[in-house]
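First the structure, in the form of structure tokens, and then the observations on it.
The values are calculated or read from the model by the stated rules, or taken from the named source; none is laboratory data. None of these values were measured; they are calculated from a predicted model. Heads up, the Cβs are rebuilt from the backbone with ideal geometry, glycines too, and the neighbour counts pull from every protein chain shown. Ligands, DNA and RNA are excluded from the accessible area calculation, which covers all protein heavy atoms including side chains. Shrake-Rupley method; radii C 1.70, N 1.55, O 1.52, S 1.80 Å.
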Amino acid sequence: MIAFRDEVAQKHSIDLRVHTNTEAIARGIDPFTATSASYTHAMKTEGLRRALDAGGFDAVIGGARRDEEKSRAKERIFSFRTRGHGWDPRRQRPELWNLYNARVNPGESVRVFPLSNWTELDVWTYIQCLQIPVVDLYFARPRPVVVRSGALIVVDDDRFALRPGERPTQRVVRFRTLGCYPLTGAVDSTAATVNEIVDELRGSRSSERQGRLIDYDEPSAMERKKREGYF
Amino acid sequence: MIAYSEGEAKPQSVLSVLTCGSVDDGKSTLLGRLFLDTGAILPDQMRELSSGIAGDVIDVSRLFDGLEAEREQGITIDVSYRRFATPHRIFRLLDAPGHEQYTRNMATAASGASAALLLVDVRKGIGPQTIRHAAICDLFGVEELVLVVNKMDLVEWSEMPFRRLVSDFRTKFEGRIQFRSFSAIPVSALTGDNVVNASLRMPWWRGRSLLSHLEQVAPAAGRAEQAFRMPVQLVEKLSGSRHYLGTVGSGTVRTGEVVNLLPSGRQVAIKTVSGPNGPIDKATSGDAIVLELEDELDLQRGDVITSIERPATCARAIRARIVWFGEAPLIPERIYFLRIGTQLSTGAITRINHRIDLASGERVAARSLSQNEIADCDVTTASEIVFDSFRNNPTLGSFIIIDRATYDTVGAGVIDGQLSRAGNLFSPDFGIDKNKRAILKAHSPAVVWLTGLSGSGKSTIANEVEKLLWAANCHTILLDGDNLRQGLNRDLSFTDADRVENIRRIGEVSKLMLDAGLIVICSFISPFGAERRMVRELVDDNEFIEVFVKTPLDICIERDPKGLYARALAGQIESFTGLTSAYEEPTQPDLVLDTVANDAVSLANTIVGELKRRGIVA
């Protein structure tokens, strides 16, 4: 995923700036040992907040969609954030027609989600129409997998410590969503091309973020993360 | 948005359906029934709902109510957006909150819907929330209203209560409501009668079930058939030529076509139309495009490119209907930002013609508007705006109202038309006052009063403040010792009595300039608290900003830019503030500036920041 990102940036001469919460890494936080909640908070929420503060950015564009998760379904396209990047879902600005209010006071910001009303199928249909390259992890391949907390975790990294009784088995899987490794589960699938993914989604009977363990690490997990500044 | 139906490659129209109505009239149950009976709940979502089963109906409010506070309190706070499909149509459901408190969120949903299901409990009848929601749907152009008369099981499926309720609704809105289509359907969301499947228990009902009615609703009238409008979003100079970027709001534009530019009124031919992959012959509503014109004209963001045959209107006075969302009431003459298309203007509601009484649906007189009220108003803007009536063209017919201090969206409205006669603009009982003059400017009037010792840095900071404000299109005047002592006040000396008279005259001059709508920047030693208070009392509370330029005396003596301290210390000047005459430090200044730690430009920015915080400048 990282290699793909760097390739895209290079191909289009994009000024790619990468921010890592080095302080948290220095503290010894690690996705293989920390709980999913504390890892996500340190590396994603805190990391993002710091990167935004460092750049003084007052608007950030993201690809989140309303069909992904139920608290996202409630979010505005121009989603206002307080000083400190908090989301207050009880006091969202009204958002009428396509008249967006992007005005903020110093320190405040907006997260902008232009694809809010797209669905997972819309995205794949668009990729299909415009032949947009995507990361190979989205396509079904035989991969070594263990089942942990009900999720299919792909074991393709030396850092992954097997628990007693866990033995990786080969399984044909793909990812519908890409998040932190190893906090994102794969799904059983044989869809190895974009066309096959589109066909698969037309008949899909589960929601996309079912593979994201961080959505389930506590009740209202996504909303709480967003209130703290998570994308 | 692209939409494809399940198992079919052909794009289908998506119908946006709002569900609204008063709390407890059965919205959540209805959605549950719709989702359940059409098989739209996915297995992993069903697992999450397993604890919410009541009788044989699943409580899908747990799926829609995505916020913690909503689930804790068992209420809907904000809109949720969900899609579901039947073999005939894709629906985008917008589930709106029923509580009055969250009307702003219901209005958000209504602005994006083309059909609305207005739920009402057959036993309770038409309440204020039913009227409010119907009025908002009407206001924001929802074309199809379905009055869903729910809980028919609780009146033994009888026809009379249903007929009575529908006739009551019609009476309340007779002649006032403009939905393209109105229908009423009796249902029981709890049992599912008439929701997805036709009811066997209401043989008197010959109409369709709710779902099959929605499948038949004609798609929203296309914006493609309306007159061409493109609000200019951005102007870019690329390889020496100007490019005008924007999204086509309505209609179609073709290469070579002559178009109208507003507000200038100039006409020019289109040289090229380009889409994401280069030049195209024509573009239509919803397309994001780049235009090049035959003549390079000075268009800017907010200007509008329109068809020649049917141009938009330019004016400064319009009639509009608005919904107020602000916690603070709407007060006529107060200045707000108005956003119409890509235009950002300043303006005020100059008159409330009437508001809608939500108990009766009647029009009543009003002086101000509270949160969630709906009214018909006159609006005056600082500069000409380009608009259409909402009925003719929603692209330039709708606007939002933004508070100038908090930047919250405090209201939204639709335009009914231009105020025709000049007499409508300012009714005889209104004179031209400070607020009227201020409407012409991009800011509100204010007095910025800098006080401090000689050499403290007042004038340097005042000059920087004026430069910043000038650059922000604000109309200012700088008053200081240099321009007043030599003219108006040249008969005054530096005795205590004359110092008081000096400040009194300055205060009166400031007040006149404030009445003219200006931002008055005053830079005077003004050593006495009583005189500063006197000036403050001449003007309104929010208009006076006392800035204490706090520089220690020894630093002022060291700086001594005009050599005055040297002369005073040598005994050549009598009564010199700080040495031989007192300086009373302000006890409660609005700002205190430290000139030792900060430079003049950053301190000037602090002052401008305070003006922004108060909503005086944008």
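Just grab the label-to-label distance for A:THR82 and B:LEU154, each label 7 Å out from Cα along the Cβ direction, in nm (one decimal).
Here the modelled spin labels are 3.8 nm apart.
Would you calculate, for chain A, the mean residue ellipticity at 222 nm contributed by helices, counting each DSSP H stretch of 4 or more residues as -39,500 (n - 2.57) and dividing by all residues, to the nearest 500?
After summing the helix terms and dividing by the residues of chain A, the value is -6500 deg cm²/dmol.
Provide A:TRP87, A:TRP97 ordered by accessible surface of protein heavy atoms (probe 1.4 Å), highest first. Mind showing how you got there, number by number?
Values: A:TRP87 10, A:TRP97 40 Å².
From most exposed to least exposed: A:TRP97, A:TRP87.
Report D for the stretch B:223-307 in µm² per second (integer): Stokes-Einstein, Kirkwood Rh on Cα pairs, 37 °C, 0.692 mPa s.
Calculated translational D: 265 µm²/s.
To the nearest 10 degrees, how steeply does helix B:27-37 sit against the main Cα axis of chain B, on a 0 to 90 scale?
The two axes meet at around 50 degrees.
Give me a single rounded figure for A:112-123: the average over its residues of other chain Cβ atoms within 10 Å of their Cβ.
Going residue by residue through A:112-123 and averaging, the value is 3.
How much accessible area per residue does the stretch B:434-613 have, counting only protein heavy atoms and a probe of 1.4 Å, in square angstrom? All intermediate terms of the calculation are to be shown ahead of the outcome.
Values: 8620 Å² over 180 residues.
For the stretch B:434-613, the solvent-accessible area averages 48 Å² per residue.
Ignoring ligands, DNA and RNA, how do B:TRP204, B:TRP449 rank by accessible area with a 1.4 Å probe, largest first?
Result, largest first: B:TRP204, B:TRP449.
Mind checking the angle between helix B:128-139 and chain B's longest principal axis? C-alpha axes, 0 to 90 degrees, to the nearest 10.
Value to nearest ten degrees: 80.
Work out how far the C-alpha atoms of the stretch B:434-613 reach from end to end along every principal axis, then list the three figures in whole Å, largest first.
Principal axes ranked by extent give 52, 36, 28 Å for the Cα atoms.
Shape of the stretch B:14-216 from its Cα gyration tensor (a ≥ b ≥ c, root eigenvalues): rounded if a/c is under 1.5, otherwise prolate when a/b > b/c, or oblate? Each step should come with its number before you reach the end.
On the way: a/c = 1.43, a/b = 1.16, b/c = 1.23.
It is rounded, given that a/c, with a ≥ b ≥ c, falls under 1.5.
How far is helix A:120-130 tilted, in degrees, relative to the longest principal axis of the Cα atoms in chain A, given as a value from 0 to 90 rounded to the nearest 10?
Computed tilt is about 90 degrees.
Report, in debye and to the nearest 20, how large the dipole of the stretch A:63-170 comes out about its Cα centre when Lys and Arg carry +1 and Asp and Glu carry -1 on their Cβ.
Details: 19 positive and 14 negative charges, 108 e Å.
Computed about the Cα centre, the dipole is about 520 debye.
Which whole-number percent is the relative contact order of chain B (Cα, under 8 Å, 6+ apart)? Working shown, then result.
Numbers: 1272 pairs, mean separation 54.9, N = 618.
Rounded, it is 9 percent for chain B.
State the antiparallel share, in %, of DSSP beta bridges confined to the protein assembly as shown, rounding to the nearest 5. Mind dumping the intermediate values first?
Details: 98 of 146 bridges.
Antiparallel bridges make up about 65 percent of those DSSP assigns within the protein assembly as shown.
Between A:ALA51 and B:ALA582, take the C-beta separation as r, use R0 = 45 Å, and let me know the FRET efficiency to the nearest 0.05.
Efficiency computed from Cβ-Cβ geometry: 0.25.
Heavy atoms only, probe 1.4 Å: what % of the accessible area of the protein assembly as shown goes to carbon and sulfur, would you let me know?
50 percent
Per residue, how much accessible area does the stretch B:223-307 have with a 1.4 Å probe, in Å²?
With the other protein chains kept in place, the stretch B:223-307 gives 48 Å² per residue.
Which longest uninterrupted range of chain B lacks any GluC sites (Glu not before Pro) assigned by DSSP to a loop state (not H, G, I, E or B) and surrounded by at most 16 other Cβ atoms within 10 Å?
Looking at chain B, B:363-573 is the longest stretch - no exposed GluC sites (Glu not before Pro) with at most 16 other Cβ atoms within 10 Å.
Charges on Cβ only, +1 for Lys and Arg, -1 for Asp and Glu, centred on the Cα centroid of the stretch B:434-613; of B:SER444, B:ALA604, B:GLY455, which one is farthest towards the dipole's positive end?
B:SER444
Using only the Cα atoms of chain A, what semi-axes does the equivalent ellipsoid have when each is the square root of 5 times a gyration tensor eigenvalue? Give whole Å, largest first.
Semi-axes (√(5λ), whole Å): 30, 23, 18.
Taking the solvent-accessible surface of protein heavy atoms with a 1.4 Å probe, what is the per residue accessible area of the stretch B:14-216 in Å²?
On the way: 7350 Å² over 203 residues.
Per-residue value: 36 Å².
Would you be so kind as to identify which of B:SER183, A:SER189, A:PHE113 lies farthest towards the positive end of the dipole of the protein assembly as shown, taking Lys and Arg as +1 and Asp and Glu as -1 on Cβ and the Cα centre as origin?
Highest projection toward the positive end goes to B:SER183.
Roughly what % antiparallel, to the nearest 5, for the DSSP beta bridges in chain B? Show your work: numbers first, answer last.
Values: 81 of 126 bridges.
Within chain B, antiparallel bridges account for around 65 percent of the total.
Could you compute how much accessible area chains B and A hide from each other, both sides summed, with a 1.4 Å probe? Nearest 100 Å² is fine.
By this definition, chains B and A bury close to 4400 Å².
At 7 Å along the Cα-to-beta-carbon direction for both B:ALA471 and B:GLU384, put a label point, then send me their distance in nm to one decimal.
So the two model labels end up 3.0 nm from each other.
How well do other chains shield peptide B:393-401, expressed as the mean number of their Cβ atoms within 10 Å of each residue Cβ?
The per-residue average across the peptide is 2.
Can you tell me how the stretch A:15-129 classifies by the Cα gyration tensor, rounded, prolate or oblate, using a/c under 1.5 as the rounded cut?
Here the stretch A:15-129 falls in the oblate category.
Does the stretch B:313-421 come out rounded, prolate or oblate by the C-alpha gyration tensor, with a ≥ b ≥ c the root eigenvalues, rounded set by a/c under 1.5 and, if not, prolate when a/b is larger than b/c and oblate if not?
oblate
To the nearest whole number, what is the average tally of beta carbon atoms from other chains within 10 Å of the beta carbons of peptide B:64-73?
5
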